[in-house]
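Here is the structure we will look at.
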2 protein chains.
Amino acid sequence: MSPEFITIQAPALTRFADSILRGAGVPARTARLVADTLVAANLRGVDSHGVQLLIWYCEQIAARNVDVLRAGHIASENGACMLYDGDNGIGQLISDTCCDHAIRLAKDHGIGMVVARNSTHFGAAAWWAQKLAREGFIGMVMCNATALVAPWQGRDKMLGTNPICMAVPGPRTFLLDMATTTVALNRVFKAVLSGEKSIPAGWAMDAEGNPTTDPQTALAGLPMPLGGYKGSGLAVMVEILCAVLSGGAMLTNVGGIRVKDIPMSASQMFLAIDAARFMPLDEFSRRMQFVRETVKSSRPASGYDEVLIAGDPEWRSEEARLRDGIPVSQGIWKELTALAGRLKVAVPVVANG
Amino acid sequence: MSPEFITIQAPALTRFADSILRGAGVPARTARLVADTLVAANLRGVDSHGVQLLIWYCEQIAARNVDVLRAGHIASENGACMLYDGDNGIGQLISDTCCDHAIRLAKDHGIGMVVARNSTHFGAAAWWAQKLAREGFIGMVMCNATALVAPWQGRDKMLGTNPICMAVPGPRTFLLDMATTTVALNRVFKAVLSGEKSIPAGWAMDAEGNPTTDPQTALAGLPMPLGGYKGSGLAVMVEILCAVLSGGAMLTNVGGIRVKDIPMSASQMFLAIDAARFMPLDEFSRRMQFVRETVKSSRPASGYDEVLIAGDPEWRSEEARLRDGIPVSQGIWKELTALAGRLKVAVPVVANG
């Protein structure tokens with residue numbers, strides 16, 4: 001492992017994250033839930049949604065934008081549809097509750113749709129879609145987010161990176177979790193935090209809409225909507241299914257983990273579909289396996305060794321990092337240990353630390 | 001209007017399409033439905049899904065891949081979920097029926113999800129999402145299609161252009177209908193049919209995966225998945241929600257309007273969400289208007305005059321073409337008149353015809 005990174009095993013990192021959260025005043029059960037979601041993202045290689053988020057989570061708690069003691073409440077329930085108000089509690093606790101309701105509604109109706117408002121950052125969407133999938137449902141999860149993306153043909157930040165996520169029950173065949181920008185903005189933040197000198201072309205534009213590969217310019221500029229106008233269309237679709245329907249903050253009225261003067265007031269959508277209403281679950285899984293194997297049987301395009309399906313890179317990372325430990329950049333580790341120091345939390349011993 | 005195009009008013013084009021379909025043996029009510037859906041696409045400027053499809057629809061009927069006399073049947077209904085078997089009937093008739101069921105289920109449960117198998121080409125997805133929206137529901141429609149797209153990093157055609165479509169109830173604020181490729185493949189066919197010399201960069205690759213702007217090379221090559229791996233992920237998501245769930249043909253087992261030896265066996269998904277279960281519909285519409293106006297208020301990026309929202313280009317086209325008539329390329333018009341001749345159907349008099 002490069003000396004630019006420390007290395008830590010997942011259980012130790014989870015305990016550390018858990019301690020930091022408890023140090024910040026988060027109740028034990030919630031602290032463990034949040035720690036689990038963050039380290040799961042690190043294991044999957046999605047470091048942008050891993051423990052580095054603790055830095056901003058703790059700032060949000062200190063700024064009282066997140067109320068660690070509130071869990072939210074049901075605003076309305078009507079057939080298969082529920083509206084949940086998160087009361088600015090911790091996003092992961094709100095999301096865990098919303099998933100449970102979506103599962104209950106899907107057991108009753110075949111589909112359950114829960115839309116949350118006044119929620120806060122819930123980590124990676126994949127955790128929640130996977131929770132729905134583990135219970136036997138096709139899980140679809142979306143959320144709106146801080147307005148950091150200009151609509152296509154525009155230059156003012158109006159939309160979040162508004163991700164679309166889908167997981168399926170059964171063996172590992174497919175797991176989609178994608179921002180509707182070319183890349184999630186946290187990857188640009190991570191590049192800056194880690195001191196990287198450039199980012200790939202197509203990730204971002206400067207403030208006037210010109211392409212850039214400089215991380216600092218990109219951070220001050222605009223992320224690129226996926227494929228141009230279609231990415232913008234998908235981002236608005238997510239905004240509708242989450243924030244228009246929730247009655248919560250929309251577009252530029254959403255705060256964010258790096259916004260200190262207002263609560264995040266994010267909206268999130270949790271959709272559970274009972275595949276068993278269409279066919280037995282084992283048949284569904286066999287058909288998923290057929291899709292997986294067929295797609296992966298394609299001859300690689302020139303320049304590639306194999307065809308990957310959504311989820312593959314993350315499952316490979318998870319296997320490797322469960323075995324070899326999780327690399328955390330020295331820059332992020334320094335911030336985490338400083339945070340731990342302020343909260344009087346012990347820092348674990350790590351390789352290259 | 002350029003002499004490369006004939007011009008015809010929508011009612012006359014609808015009557016002509018209707019006559020051709022009846023001439024091909026389609027029952028009157030269904031012929032009119034199909035004609036309406038095709039001309040609606042022409043009006044919206046989506047000529048790839050307009051009357052040019054009649055050429056292939058009639059071939060499919062003649063090849064007995066489409067049974068004009070069958071309407072399909074309910075395979076199962078369970079809570080808010082319905083599985084519909086189209087029995088290889090006309091896709092528009094099947095879709096019309098499925099939308100009615102989705103609306104009925106959404107009235108009962110708040111959400112209705114109908115998945116059809118053994119369906120055939122249903123025209124533009126937007127027609128069906130708009131039908132759901134006209135009845136007061138958020139409409140989401142997806143379908144799988146002929147395997148013409150290689151998965152990202154692959155070179156074998158495994159996936160369809162698998163569109164994602166969403167319409168909302170109330171005044172015109174947002175209407176998304178997008179292939180999960182950079183552009184719908186029919187736009188490449190149209191470029192070839194219309195004798196265009198080049199297509200924009202980024203639309204397609206040659207058979208080995210190298211970018212091309214030549215329409216013929218593109219037609220023989222591979223359409224580009226939207227934004228690379230994310231477009232492939234979305235296409236597989238659509239394949240799951242349509243074809244895995246339907247029990248119908250998947251991936252390379254799907255036929256197509258240009259495939260003569262097997263029925264198309266497409267799968268389609270119709271999701272109706274009752275926004276009124278979350279808030280009064282007029283509040284929903286006000287919130288949609290806020291999203292629309294906020295996004296459109298963005299300063300344009302350099303090189304652009306204004307920000308467009310999904311649906312804008314098509315509504316503008318519809319207004320202009322309702323007034324000025326619909327342009328049809330001479331190449332397509334020649335094929336349609338030849339088809340009409342074979343079916344002994346009168347050809348309307350048109351400008352530049």
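In region A:251-265, the residues that are in contact (Cβ under 8 Å) with a residue 24 or more places away in the chain reach residues that are crowded, with 21+ Cβ neighbours inside 10 Å and charged (D, E, K, R) with C-beta atoms within less than 7 angstrom, at least six apart or across chains, in these pairs: A:LEU251/A:GLU239. In region A:2-106, counting only strands (runs of 3 or more DSSP E) that sit wholly within it, the ones holding 1 or more residues that are within 22 Å of A:ASN186 (Cβ to Cβ) span A:5-8. When the criteria are applied in full, A:ALA272 fails the requirement of being aliphatic (A, V, I, L, M), part of a loop (DSSP other than H, G, I, E, B), touching a strand residue (DSSP E or B) at 6+ places or on another chain (Cβ under 8 Å) and within 30 Å of B:ALA80 (Cα to Cα).
Filtered by the rule that a residue be in contact (Cβ under 8 Å) with a residue 40 or more places away in the chain, small (Gly, Ala, Ser) and closer than 22 Å to B:GLY325 by Cβ, region B:15-46 gives B:SER19, B:ALA40, B:ALA41, B:GLY45. Taken across region A:156-166, residues that are touching a helix residue (DSSP H, G or I) at 6+ places or on another chain (Cβ under 9 Å) and of a type in the set (Lys, Arg) do occur, with at least one present.
Scanning region A:76-114 for residues that are within 9 Å of chain B (Cβ to nearest Cβ) and of a type in the set (S, T, N, Q), we see that the one that is nearest to A:VAL66 (Cα to Cα) is A:SER76.
Take A:THR7 and tell me if it is on the phi < 0 side of the Ramachandran plot, crowded, with 22+ Cβ neighbours inside 10 Å, of a type in the set (Ser, Thr, Tyr) and in contact (Cβ under 8 Å) with a residue 12 or more places away in the chain. No.
Here region A:270-286 is the region considered, the condition is being within 10 Å of chain B (Cβ to nearest Cβ) and buried (at least 22 other Cβ atoms within 10 Å of the Cβ), and the residue that is farthest from A:LEU185 (Cα to Cα) is A:PHE278. Find all pairs meeting these conditions: Cβ atoms under 7 angstrom apart; at least six residues apart or on different chains; first residue within region A:70-91 and among the β-branched types (Val, Ile, Thr); second residue part of a loop (DSSP other than H, G, I, E, B) and at pLDDT 95 or above. Final answer for the pair search is A:ILE90/A:VAL26; A:ILE90/A:VAL66; A:ILE90/A:VAL68; A:ILE90/A:THR120.
Apart from one condition, A:GLY112 fits all of (1) in the same structural domain as A:LEU336 (by TED's automatic domain parsing); (2) surrounded by 21 or more Cβ atoms within 10 Å (Cβ to Cβ); the exception is (1).
Taken over region A:309-323, the criterion of being more than 14 Å from B:GLU239 (Cβ to Cβ) and either among the small types (Gly, Ala, Ser) or modelled with pLDDT under 95 (or both) is satisfied by A:GLY311, A:SER317, A:ALA320.
With respect to (1) of a type in the set (Gly, Ala, Ser); (2) touching a residue at least 24 places away in the same chain (Cβ under 8 Å); (3) outside the structural domain of B:ARG292 (by TED's automatic domain parsing), the lone exception for B:SER119 is condition (3). With respect to the stated conditions, B:GLY91 is in contact with a His (Cβ under 8 Å, 6 or more places away or on another chain), at pLDDT 95 or above, over 30 Å from A:LYS107 (Cα atoms) and not acidic (Asp, Glu). Consider region A:186-208. How many of its residues are touching a residue at least 60 places away in the same chain (Cβ under 8 Å) and not charged (D, E, K, R)? Of the residues in that region, 5 qualify.
The values are calculated or read from the model by the stated rules, or taken from the named source; none is laboratory data. Remember, predicted model here, so these are calculated numbers, not experimental data. Quick reminder, even Gly has a Cβ in these numbers, built from the backbone with ideal geometry, and neighbours come from all protein chains shown.
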